[in-house]
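Enquirer: Here it is, the structure, as structure tokens.
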Amino acid sequence: MPEAIEAEAATPKAKPIAFLAFEMPKFEMPKFEMPKAEFPAAFREIAEKSVAQAKENYEKMKTAAEEATELLEDTYSTAFKGCSGYGLKLTETARANSNAAFDLLGELLSAKSYSEMVELYTAYLRAQFDTLTAQAKALADHAQKVATETVEPVKESITSALSKAA
């Protein structure tokens, strides 16, 4: 018996069916040809007018979008310049106020009496009040100027657009 098992193991077994060799049948799609039909002239005319009107509307929208983009770029540029100018004025104001405070400190350290310190401090407060008032007015004027320069082109554009629409 053991010889039969060995002989059986030595004989090659039948190969399984190869699924890769299987191919799907090929079908051809039927070709449908569109019937040739003439559309009435009225339909063609309507279609041509619709296409022409769509092109015209597209050009108008494209022009309006380009103008709006240019307006926004100009507005942002103006606002940026104005804000950076405002920041520079603010920095200049802070520097002037800091210098005045350090000058006061130097004068207070060199004062010989308490009454002289009070006199120096009082004079500093009066001068700083006037300075701060002038600085606040200058900053407010600059902010107003920036706001006007930024909004004016937008206002003009809206007015122009509304007059075109009317």
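Enquirer: Just one of SER77, SER50, SER98, SER84 is farther than 28 Å from LYS145 by Cα, among the polar types (S, T, N, Q) and out of contact with any Leu (no Cβ under 6 Å at 6 or more places or on another chain); which is it?
Expert: SER50
Enquirer: Looking at (1) loosely packed, with under 10 Cβ neighbours inside 10 Å; (2) modelled with pLDDT of 75 or more; (3) among the charged types (D, E, K, R), find the lone condition where LYS49 falls short.
Expert: Of everything listed in (1) loosely packed, with under 10 Cβ neighbours inside 10 Å; (2) modelled with pLDDT of 75 or more; (3) among the charged types (D, E, K, R), LYS49 misses just condition (1).
Enquirer: State which residue pairs qualify: first residue in a loop (DSSP other than H, G, I, E, B) and inside region 27-46, second residue small (Gly, Ala, Ser) and surrounded by 10 or more Cβ atoms within 10 Å (Cβ to Cβ) in any location, beta carbons under 9 Å apart, and separation of 6 or more residues or different chains.
Expert: Matching pairs, first to second residue: PHE39/ALA47.
Enquirer: Taking region 63-120 only, how many residues are closer than 24 Å to LEU132 by Cβ and not in a helix (DSSP H, G or I)?
Expert: 1
Enquirer: Can you tell me which residue is surrounded by the fewest Cβ atoms within 10 Å (Cβ to Cβ) among those in region 60-108 that are closer than 30 Å to ALA123 by Cβ and in contact (Cβ under 8 Å) with a residue 40 or more places away in the chain?
Expert: LEU90
The values are calculated or read from the model by the stated rules, or taken from the named source; none is laboratory data. Computed from a predicted model, the values in this text were never measured in an experiment. We place every Cβ from the backbone using ideal geometry, glycine too, and count neighbours over all the protein chains shown.
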